[in-house]
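S.K.: Quick one: the structure is below, questions incoming.
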Amino acid sequence: MKIYTKTGDDGTTALFGGTRVAKHNIRIESYGTVDELNSYIGLLRDHNIAPEHKNFLTHIQHLLFTLGAILATPPEKEVLKNGKPRLNIPLVTDSDIEALEMQMDTMENKLKPMTHFVLPGGHITVSTCHVARCICRRAERLTVRLNEIEPVDPRVIKYLNRLSDYLFVLARMLTTELGAEEIKWIPQKL
C-alpha cells in the first residue's frame, strides 16, 4: 500500500465508504484529534511507568483506532446494501467504559483524597499525561459537535468523556509513583 495517493492534493479526503469531504470537515477534525490523542498516549506509554499502566494504555490505543474508524464512517455508509456492517471492526462497548471506571477506582483507592484542583505538571511524565487528557477533551468536544450534525454512537462520546477522567486520575497516580509534587490550585486574592 502506497502512503501517498495524491488524491488529497485538492484539500479533500475520503471517509470510509468513499465519500470525499474537505480536510477541515468536523468528522475529519474529530477522528484526527483522536489520532493525535493516540499519539500522545503512545508517547506517555514510552515513559518509564509501571507495566500495568503501559499495558492498559496499549489497550486504550487499540480502542482509539476502533473509535477513529467509527468516526471516519458517515452514517449513510455504515451498512452495505446487503444489510451487513461496512466495517469489520468491534464497536466501543459498555464493558470498555466500565474498564476505564474500574481502573480509576483502583487508582483512587491508592491516592489521597483530592481537596483542590491541581496544577498540571511536576514531572515530564505527568505533564505528558495531562497533555493527553486535554487532547482527549478536545476530541470529545469535536465529537459532540459532530453528533449535532450527524448521529454518533453515544458510547463513543461516553468513552472519550470517561477516558479524559481516567487520564486525570492516571496523572495523579503517576505523580505519586514518581514522587513528584502535586501543586494545589489555590485562587490568589487580588
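S.K.: Can you give me the number of residues within the range 121-144 that are surrounded by 21 or more Cβ atoms within 10 Å (Cβ to Cβ), among the hydroxyl-bearing types (Ser, Thr, Tyr) and touching a Pro at 6+ places or on another chain (Cβ under 9 Å)?
M.R.: The total comes to 0.
S.K.: Would you point out which residue out of ARG172, ARG155 is open to solvent by 50 Å² or more (accessible area, probe 1.4 Å) and within 25 Å of MET102 (Cβ to Cβ)? Spell out how you get there, then give the answer.
M.R.: Values: ARG172 fails: open to solvent by 50 Å² or more (accessible area, probe 1.4 Å).
Within the list ARG172, ARG155, the selection yields ARG155.
S.K.: Now a separate question. Those residues that are open to solvent by 10 Å² or more (accessible area, probe 1.4 Å), within 17 Å of ALA139 (Cα to Cα) and in contact (Cβ under 8 Å) with a residue 40 or more places away in the chain, I need them from the range 30-71; list them, please.
M.R.: TYR31, GLU36, TYR40, LEU63, ALA69, ILE70
S.K.: Examine the range 109-118 for a residue that is among the β-branched types (Val, Ile, Thr), crowded, with 21+ Cβ neighbours inside 10 Å and in contact (Cβ under 8 Å) with a residue 40 or more places away in the chain, and state whether such a residue exists. Outline the logic, then answer.
M.R.: Residues of the range 109-118 among the β-branched types (Val, Ile, Thr): 115, 118.
In the following step, the residues that additionally are crowded, with 21+ Cβ neighbours inside 10 Å were identified as none.
There is no residue in the range 109-118 that is among the β-branched types (Val, Ile, Thr), crowded, with 21+ Cβ neighbours inside 10 Å and in contact (Cβ under 8 Å) with a residue 40 or more places away in the chain.
S.K.: Identify all residues within the range 27-58 that are among the β-branched types (Val, Ile, Thr) and out of contact with any Lys or Arg (no Cβ under 6 Å at 6 or more places or on another chain); write none if there are none. Write out each step before concluding.
M.R.: Of the range 27-58, the ones among the β-branched types (Val, Ile, Thr) are 28, 33-34, 41, 49, 58.
Within the range 27-58, ILE28, VAL34, ILE41, ILE49, THR58 meet the criteria.
S.K.: Please go through the range 119-133 and pick out each residue that is on the phi < 0 side of the Ramachandran plot and touching a residue at least 24 places away in the same chain (Cβ under 8 Å). Even if it seems obvious, please write down each step before you answer.
M.R.: Restricting attention to the range 119-133, the residues satisfying the condition of being on the phi < 0 side of the Ramachandran plot are 119-120, 123-133.
The answer is LEU119, PRO120, HIS123, ILE124, THR125, VAL126, THR128, CYS129, HIS130, VAL131, ALA132, ARG133.
The values are calculated or read from the model by the stated rules, or taken from the named source; none is laboratory data. These numbers come from a predicted model, not from an experiment. Please note: Cβ atoms are built from the backbone with ideal geometry, for glycine as well, and neighbour counts cover all protein chains shown. Just the protein is used for accessible areas: all its heavy atoms, side chains included, with ligands, DNA and RNA removed. Shrake-Rupley method; radii C 1.70, N 1.55, O 1.52, S 1.80 Å.
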